[in-house]
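The values are calculated or read from the model by the stated rules, or taken from the named source; none is laboratory data. Note that this is a predicted model, so its numbers are computed, not measured. FYI the Cβ positions are ideal-geometry reconstructions off the backbone, even for glycines, and counts take in every protein chain you see. Just so you know, the surface numbers come from the protein's heavy atoms only, side chains and all, with ligands and any DNA or RNA stripped out. Shrake-Rupley method; radii C 1.70, N 1.55, O 1.52, S 1.80 Å.
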Amino acid sequence: RIDRNWNASPGPGKVNLPDERASDTTEWGVSLGGPAVKDRLFYFLAFNRQLPTLDFENLAPFGSPPHRRSQEEDRSYRFAKLTWLAGERHRVEFTYLGDPVAQRHFDLAGDASVKDEQLPDRTRGGTSFMLHHTAILSSSFTWTNVLGLHRTAFRWSPSNPEVGPFRAQLDAPGSESFGRYGEDQLQRLRNLTLKSEVSLGWADHTLKGGLQVYEQAFEQTYKRPS
């Protein structure tokens, strides 16, 4: 637990720098692992959550007196792994990783002073899956196969969309204000990886060969007002 009341005072003019900004943070985690089937199937589970809050001081958006604004985050990480010893020569592993993050009033201090209190709330993060197979075919010959999938999503939304004199520009047909601040938008990213490799060892030498296929897809689901 980090408490802003116990933070060291920032240096002159550094109150809004990331390394010296007042902050609160709570973090906790738990992990558990062991055999599900003796000598055959093993599991490992882990979870970690972080709740940081950062302060911006003396912000003065258009028409507002200087004040403090807090930027809040909720980071949640989860991990799971199953290991199966299919035999003396085969090992199969399945892993899962999730890392969703929610951010409220997320922006830089300099940007906040010109964005009319319309700081965005954001969510980001994704899920990853991997299947890994290793076969020891002989004392010098190994075969490895990996199949992986990763999906990520980014979502921006104004936390207070009606605030600010520039809102009328966004609503007026043909008069959109695109550089002023971000509006609602959602982006998705997907990565797919397939890898197969053989390894031959003799004496002090190793020879490897294989194939790797990689595919990436990006999608802008929507972006308003555009």
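Assorted remarks:
- Residue within region 179-194 that is at pLDDT 90 or above, part of a strand (DSSP E or B) and over 21 Å from the mean Cα position of the chain (by Cα) present: yes
- The residue that is nearest to the chain's Cα centre (by Cα), among those in region 25-59 that are of a type in the set (Asp, Glu) and at pLDDT below 85, is Asp55.
- Scan of region 20-56 for residues that are surrounded by 14 or more Cβ atoms within 10 Å (Cβ to Cβ) and of a type in the set (Phe, Trp, Tyr), ordered by number: Phe42, Tyr43, Phe44, Phe47, Phe56
- Matching entry among Val114, Val163, Val101, Val146 (being more than 22 Å from the chain's Cα centre (by Cα) and at pLDDT 70 or above): Val146
- Total residues in region 75-98, condition in a loop (DSSP other than H, G, I, E, B) and open to solvent by 50 Å² or more (accessible area, probe 1.4 Å): 2
- Flag for Phe106 being over 24 Å from Glu72 (Cβ atoms) and either modelled with pLDDT under 95 or open to solvent by 40 Å² or more (accessible area, probe 1.4 Å) (or both): no
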